[in-house]
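Since the structure comes first, as structure tokens, the remarks are kept for the end.
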Amino acid sequence: MNNLFNNTQGYLLNARHSVWGVFALMIAIVTVYWQVWHFDFIRFDDPAYVLDTCLKTKNSNDRFMWIFRFHQGDGKYWQPLTLLSHIADCHFFGLESGLHHFTNLIFHLLNSILLFLFLKQILTDFWKSFWIALLFAIHPMNVESVAWISERKNLISSLFFFLTLLAYFSYVKKPNRLKYLVLIFVFMLGLLAKPMLITLPAILLLLDWWPFQRISFKKNTRSIKFTTKLDISIQKPFSYLVLEKIPLFLLSILSIFLTIYSVQGDQNLVSENQYSMKLRVANAITSIVLYIGKIFWPVNLAVFYPYPERIVYWKILIAILFLIFLTIFFLRRFRSSPYLVFGWSWFLITLLPVLGIIQAGLWPAMADRWVYIPAVGLFLIIIFTGEKIAVKLSLSRKTALIFALFFTGILMQISWHQVRYWQNNMSLWRQTLKATTRNYTAHNNMGCILMKDGQLDQAIHHFQKAMLIKPSGSEARMNLANTLSRQGMYPEAIEHYKKLFQKHPGNALIFNNLGNAIFKTGRVNEAIPYYIKAIQLEPNYADAYNNLGISLWRNNRKSKALVMFQKALVINPDYEQAYDNLTRLISEQKKTNLKLNLLTEKSAQSPDNPLLLFQLGDFFQKEDKIQQAIACYQKALKLKPGWYEAKKQLSVSFAMKGNYEVSFSILRDLITQNPDDADAYYYMACIRSRQNNSAEAVQWLQVAVNKGFSDWKRIETDGNLNNVRSNRLFQQLTTDHVRDVH
């Protein structure tokens, strides 16, 4: 009875310690991270994970079943459980960013508590478990996973990582089929959140070695024993323990296959030629050392570390020697200090999937979020080693606690400031530019933020810096072209768009934006083919249909413009601009029909009135009804032979119909009547240009200028002259004009 009382008392004391440990972790986490409540979404990935998820769920007939499709069309790998959490946030919180951040905070809190409880069970040491969990909870390297909403996948997968460890511990203590099935199920849920858990079965084997000591060694190695308080006496051959994990390994292999399959479907898997295997291996080796450095000295942290163009051999050599030294150092002490080998192995094994040998999407040289779980291994080494040092130095518990609290305070201060960088896009990318060099992605994103904020000059500056770092960078070039276009620098924007479509001939957005830039220069006819090309590449491109409609409307091809606006609205019924254009065009057509009825009625009343026929011809010409316009002008000329203006408009109508020689013949007749008509000579130049007779076109244009044609804006933008713009004499003519003006 007394023994039972002591056991109960010990259990209650142990539970009380656990509660206080959990409470302390909560206080520390809330102190560092409470500020995220007021933070914005981050432009880098958050729109894809949050806004797109909200829209897809709203517009999808199957509500949320779309998350289980392997190809989402947005470059994300398969992660249905993560997307489900974002759907839940959107349902309950809408687009209130602070509440989405709060969800991340809750997941990090749960992860810290689960890690603490797991360590407390396997280490049977409250203080070591608490300090390791506290390091995990407040370390600056883990800020990215918590403060970045898009890294929900990291938090959820880690939650199931720790739950799997707890399930495995329960299974190891008292194996049965139900516990094993629970273990498999929890692990599978983790893989559905993020495939980084693929190495978890290897971690379970590592636990079998220490501290579980489930491996039965051969007789000559039976002396390998470690001091442990765990009561796990059943040992198995290593081969049995591997076979025990086969279902888990198979799930990992399946997860790898599904991940590669899902990103290949979006053509987002980085090709082997982008970064050579030699460079990827070199970066993997050096990044391990950099991760260790940042865990011990967490400064200059950034959301994106640019991938190196090359790594000098001496850096690779030093990194290899350092890693070999550490490995040998730990192995030599694996009997006396097994935690060294355990922590080091944990770090390397869990880091392996993200070292970049196989890459998908925009791949950085390294990332803080990737050590969220791996760092636990190093934290374990730090705390165990710290305790040994304290014992060796004969520090009292009070002194050791003061030192521990001092370093905890420093870490919390650093983390608190690191969290603040995530409050908005501007502060995040400004810090990234300070912390890194030659960062194409950071300059490009900073430029986008400045462009959205209307600071176009500064945006252009950052896009140009990005282009200097990576001249082949299409995203920065596209953003630069868009910003130049917004600033009214259309020739420069057009130059960049043309370079882009030469590199990406299948990109509809480039053709649409190029059409917009050309349209804004007044060259409406020249813009139309680019909109048509954009629609051919992307048949459901509502913007391109709308822009084509505007261009056709500007060209008085109203019936075709009407069709384009209607198609845009079929694709996107909520497209307000297309709806406004459609209603304005219909209103204008009603007025046009009223005018047509009035002219037709007057002409019917006075069939021999050439002026009414001329006005009717003008009306049909503006409405792009060329054959009817020609008929009206011809009737007017029969009633009033030699009417100069009617003959000129008849010539224009024949040219619009494509009857260039008939049009040119009429113009020749006109200049015999009036040799000083500069407009007539200009029309003749346009016709010859249309016929690809650039030499004669330039001659007639020169005559037009000599006769007083001075609409140089029209010369610069008229699509009818496109075929002569490369002509040396045409260029000389326009250059002489610019020089005369200045």
Checklist entry - Taking Cα atoms, how many degrees apart are the long axis of helix 80-93 and the longest axis of the chain, rounded to 10 and kept between 0 and 90? => result 70
Checklist entry - Taking +1 at the Cβ of each Lys and Arg and -1 at the Cβ of each Asp and Glu, which of 485, 460, 715 sits farthest along the dipole of the chain towards its positive end, judged by Cα position relative to the Cα centre? => result 460
Checklist entry - With axes computed from alpha carbons, what is the tilt in degrees of helix 474-486 against the longest principal axis of the chain, rounded to the nearest 10 within 0 to 90? => result 50
Item to check | Table column - 3J(HN,Hα) (Hz), region 308-314, Karplus curve with 6.51, -1.76, 1.60, x for Gly and Pro | outcome: x, 6, 7, 10, 5, 4, 5
Checklist entry - Where does the charge balance sit around residue 589 when Lys and Arg score +1, Asp and Glu -1, over other residues with C-beta under 11 Å from its C-beta? => result +3
Item to check | Fully extended contour minus Cα-Cα distance, from residue 417 to residue 243, at 0.36 nm per residue | outcome: 57.9 nm
Next on the checklist: What's the longest uninterrupted piece of the chain once you rule out the GluC sites (Glu not before Pro) that are loop residues per DSSP with at most 15 other Cβ within 10 Å?
Outcome noted: 310-742
Item to check | residue 360 long-range amide H proximity, modeled H, under 5 Å | outcome: 270
Item to check | Inter-centroid distance (Cα atoms) of region 142-181 relative to region 560-621, Å | outcome: 67
Item to check | Total formal charge among the other residues, if their Cβ is under 14 angstrom from that of residue 344, Lys/Arg +1 and Asp/Glu -1 | outcome: +2
Checklist entry - Do any trypsin sites (Lys or Arg not before Pro) in region 435-538 lie in a loop, going by DSSP, with at most 16 other beta-carbon atoms within 10 Å of their beta carbon, and if so which? => result 438
Checklist outcome for this item: Sorting 432, 469, 563 by the position of each Cα along the dipole of region 428-587 (Lys, Arg +1; Asp, Glu -1; all at Cβ), the one nearest the positive end of that ordering is 469
Checklist outcome for this item: If each K or R counts +1 and each D or E counts -1, the residues other than residue 613 whose Cβ falls under 13 Å of its Cβ total +1
Next on the checklist: For residue 236, what residues show an amide H to amide H distance below 5 Å, using hydrogens built from the backbone and excluding near sequence neighbours?
Outcome noted: 215, 216
Checklist entry - How far is helix 425-435 tilted, in degrees, relative to the longest principal axis of the Cα atoms in the chain, given as a value from 0 to 90 rounded to the nearest 10? => result 70
Item to check | Rg(Cα) / (2.2 N^0.38 Å) computed for region 428-587, rounded to two decimals | outcome: 1.15
Item to check | Nearest-20 debye value, region 654-742 charge dipole, Cβ charges on Lys, Arg, Asp, Glu | outcome: 280
Checklist outcome for this item: When the charge dipole of the chain is computed with +1 at the Cβ of Lys and Arg and -1 at the Cβ of Asp and Glu, the Cα pointing farthest to the positive end, of 686, 41, 169, is that of 169
Checklist entry - Under a point-charge model restricted to the Cβ atoms of Lys and Arg (+1) and Asp and Glu (-1), what is the dipole moment magnitude of region 428-587 relative to its Cα centre, in debye to the nearest 20? => result 340
Checklist outcome for this item: Of the candidate values [x] 2, 11, 18, 19, 13, 10, 9, 7, 5, 4, 2, 1, 0; [y] 2, 9, 13, 13, 11, 9, 8, 7, 8, 8, 7, 3, 1, 0; [z] 2, 13, 23, 26, 21, 12, 3, 0, 0, the one computed for P(r) over Cα pairs in 10 Å bins from 0, in percent from this structure is [x]
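All of the numbers you see were taken from the coordinates with simple rules; none came from a lab. All figures in this text were calculated on a predicted structure; none of them were measured in a lab. Cβ coordinates were reconstructed from backbone atoms using ideal geometry, including for glycine residues, and neighbour counts include every protein chain displayed.
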